[in-house]
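A.B. asks: Dumping the structure here so I can ask a few things about it.
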Amino acid sequence: MIAEVLSTGDEVLLGDITDTNSSFLCRRLKEAGIAVGGITAVGDDVNVISHAIETIAARADICLVTGGLGPTRDDLTAEACAEASGAPLERNDVALASMTAYFEKRGWGKNLSRVNEKQAWLPKGAGVLENHNGTAPGFDITIGNCRFFFMPGVPSEMRLMFTGQVKPRLLELTGETGEITVERLMVFGLPESVVGEKLEGFYTRFPEFSLGFRARFPMIEVKLVARQEDGPDINAAKDWVSEQLGRKVISSRGLTLAQETGRLLTEAGQTLSVAESCTGGLIASLITDVAGASEYFLFSATTYANSAKMNILKVSRKTLEDNGAVHELTAQEMAEGARKAGGSDWAVSTTGIAGPTGGTGEKPVGTVCIGVAGPDGASARRFVLDTGDRGRNKLLFAATALEMLRRQLVK
């Protein structure tokens, strides 16, 4: 079966929003074993949407459509579908009842406005996809040999509708059980091209499985997908991938550096403090993005000025005068100071030059010194990690600091 995705809305074409809906749906189709033949994006024009639907109906078996189901005048998808299918619009009582229940549940009253009632007018014969997270019902309809599923454009509403209502219908259409195994390994320290080269022999050894790569800067996600009925144990394939990539695999569970570091700290019953200069609090932000970080994260200090490094972290004035802020000894003393100030088992620190200015011949842009202090002492290393972009440099510095800590935790 061939599927296509149709995204509607001027905001997509104007670049006002990123079309995350299409990428989500393509991933879910792939996991369901359904090939994606193409993605189409069109604006809010009845004729254009109708033409896109007719074109896709002539070449695909399944089409997932997002957007244009709202109450305003530029929400034209249902009308365009009626035009393409030849099925006139009619008030759908099931859709109307679903909307009324949604309004009542939230205390908005029983009576819908005429504007909202517009959302219950669907092509004749369409099946309703209830929206439990918004006001716009979705619907499905067959045009030619193609089954269309129309969902809201709001990502949270679309994802719930797809997972709860569209996916089961897709599995009925394809005859698949939908029972798949997905293994994710996170890689840090290798570009995607090198990861691909190291895994070139995968399909020779494991033709039953699917292998994919996804860049999530500064990491690479390696994904293995297998259906239950494939037979061979996916763990053998996972072990082979891990062996080829070696120490560059930071998690065999698909965890980010912050998640994996947090898992290791929790497992060990240990705690962490952070001292940052060039990363400006980014490490602390990454750590606290992880649910449950309060179990192990105690203290954070963003000490940009030398005076703050001395007053808060007790970095020696002589160290700063002799070596400057960007130096291994400064980073080491920052980590020691953070560990002491926070009363934690571990601490990491960063001090460097994120750019685009501030570099010198001795310390070019991208230079970062990272310190790690722990129960057995403290140390620091210098790196030059310039991506050409200040924001990406900061993210790479932060990730490298977490990786230095992670390696200490797994010793």
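Every read-out reported here was derived from the displayed coordinates using simple, explicitly stated rules and does not represent laboratory data. What you see is a predicted model, and the numbers here were worked out from it, not measured in a lab. Neighbour counts are summed over all protein chains in view; Cβ atoms, including those assigned to glycine, are modelled from backbone coordinates with ideal geometry.
A.B. asks: Based on the mean of other beta carbon atoms within 10 Å per residue, what is the order of 164-172, 44-52, 330-338, 146-154, most packed first?
C.D. replies: Ranked from most to least packed, the peptides come out as 330-338, 146-154, 44-52, 164-172.
A.B. asks: Right, here's the next one. Roughly how big is the range 2-174's charge dipole about its Cα centre, with Cβ charges of +1 (Lys, Arg) and -1 (Asp, Glu), in debye to the nearest 20? Spell out each step's value before the answer.
C.D. replies: Values: 16 positive and 22 negative charges, 116 e Å.
So the magnitude is around 560 debye.
A.B. asks: Follow-up. Stretched out fully, how many nm does the piece from residue 47 to residue 124 gain, at 0.36 nm a residue minus the Cα gap?
C.D. replies: On the way: separation 77, 0.36 × 77 = 27.72 nm, distance 1.90 nm.
Roughly 25.8 nm would be gained on extension.
A.B. asks: So how strong a dipole does the range 317-411 carry about its Cα centre when Lys and Arg Cβ are +1 and Asp and Glu Cβ are -1, to the nearest 20 debye? Don't skip to the end; give the middle numbers.
C.D. replies: Numbers: 13 positive and 11 negative charges, 40 e Å.
Here the range 317-411 has a charge dipole of around 200 debye.
A.B. asks: Lys/Arg Cβ at +1, Asp/Glu Cβ at -1, dipole of the chain taken about the Cα centre: which of 165, 277, 316 is farthest positive-ward?
C.D. replies: Toward the positive end, the furthest listed residue is 316.
A.B. asks: Semi-axes of the equivalent ellipsoid for the range 2-174, please: Cα gyration tensor eigenvalues, times 5, square-rooted, ordered largest first, whole Å.
C.D. replies: Numbers: eigenvalues 112, 59, 53 Å².
Over the Cα atoms of the range 2-174, the semi-axes work out to 24, 17, 16 Å.
A.B. asks: For the chain, calculate the relative contact order in percent as a whole number, restricting contacts to Cα pairs under 8 Å that are 6 or more residues apart. If you can, show how the numbers build up before the last one.
C.D. replies: Details: 800 pairs, mean separation 40.2, N = 411.
Rounded, it is 10 percent for the chain.
A.B. asks: Within 10 Å, count the other beta carbons around each residue, average over each peptide in 310-323, 357-370, and list them highest first.
C.D. replies: Numbers: 310-323: 15.2, 357-370: 17.4.
Most protected by this proxy first, the peptides run 357-370, 310-323.
A.B. asks: Still on this structure, I have one more. log₁₀ I(q)/I(0) of the range 257-409 at q = 0.10, 0.17, 0.19 Å⁻¹, via Debye over equal Cα point scatterers, no solvent, to two decimals?
C.D. replies: Values returned for q = 0.10, 0.17, 0.19 Å⁻¹ are -0.30, -0.86, -1.07.
A.B. asks: If amide H atoms are built 1.01 Å from N in the plane of the peptide, which residues on other chains or at least 5 residues away come under 5 Å of the amide H of residue 352?
C.D. replies: 278, 369
A.B. asks: Over all alpha-carbon pairs of the range 248-319, lay out the pair-distance distribution in 5 Å bins, whole %, shortest bin first.
C.D. replies: It works out to 3, 16, 22, 19, 16, 12, 8, 4, 1, in whole percents.
A.B. asks: Which ordering of 353, 17 is given by a fewest-first count of other beta-carbon atoms within 10 Å?
C.D. replies: Details: 353 25, 17 12.
Arranged by neighbour count, lowest to highest, 353, 17 become 17, 353.
A.B. asks: Looking at 70, 343, 39, which one has the Cα that reaches farthest to the positive end of the dipole of the chain (charges on Cβ: Lys, Arg +1; Asp, Glu -1)?
C.D. replies: The residue sitting most towards the positive pole is 343.
A.B. asks: Quick one: give the max-minus-min coordinate of the C-alpha atoms of the chain along each principal axis, largest first, in Å.
C.D. replies: Cα extents, longest axis first: 82, 54, 42 Å.
A.B. asks: Show me, for the range 312-326, the HN-Hα J-couplings you get by feeding each phi into the Karplus relation (A = 6.51, B = -1.76, C = 1.60, θ = phi - 60°), rounded to Hz, glycine and proline as x.
C.D. replies: 8, 9, 6, 5, 5, 4, 4, 4, 5, 5, 7, 10, x, 5, 9
A.B. asks: Right, here's the next one. Do me a favour and compute the ellipsoid semi-axes for the range 142-268 from its Cα gyration tensor, root of five times each eigenvalue, largest one first, whole Å. Write down the numbers at each step before the final one.
C.D. replies: Numbers: eigenvalues 200, 83, 43 Å².
Computed over the range 142-268, the values are 32, 20, 15 Å.
A.B. asks: Run the numbers on the range 257-409 and let me know its relative contact order in percent, using alpha-carbon pairs under 8 Å that are six or more apart.
C.D. replies: Details: 334 pairs, mean separation 38.7, N = 153.
Relative contact order for the range 257-409 comes out at 25 percent.
A.B. asks: Can you give me the relative contact order of the range 82-212 as a percent, contacts being Cα pairs under 8 Å and 6 or more apart?
C.D. replies: Working: 121 pairs, mean separation 21.1, N = 131.
Relative contact order of the range 82-212: 16 percent.
A.B. asks: Let me know the shape class of the range 334-385, please: from the alpha-carbon gyration tensor, a ≥ b ≥ c as square roots of the eigenvalues, rounded when a/c is under 1.5, otherwise prolate if a/b is greater than b/c, or oblate. Please report the intermediate quantities before stating the final value.
C.D. replies: Values: a/c = 3.98, a/b = 2.59, b/c = 1.54.
Prolate is the answer for the range 334-385, as a/c is 1.5 or above and a/b outweighs b/c.
A.B. asks: With charges only on Cβ, +1 for K and R and -1 for D and E, what is the dipole size of the chain about its Cα centre, in debye, rounded to 20?
C.D. replies: Values: 43 positive and 51 negative charges, 261 e Å.
Here the chain has a charge dipole of around 1260 debye.
A.B. asks: So which GluC sites (Glu not before Pro) in the range 192-295 are both in a DSSP loop and have at most 16 other Cβ atoms within 10 Å of their Cβ? Don't skip to the end; give the middle numbers.
C.D. replies: Numbers: sites: 192, 197, 200, 208, 221, 229, 243, 260, 267, 276, 295; in loops: 200, 208.
The qualifying sites are 200, 208.
A.B. asks: Another one. For the range 180-251, what is the convex hull (Cα atoms) projected area averaged across all directions, in square nanometres? Can you show the working numbers first?
C.D. replies: Values: hull surface 17.0 nm².
With every direction weighted equally, the projected area is 4.2 nm².
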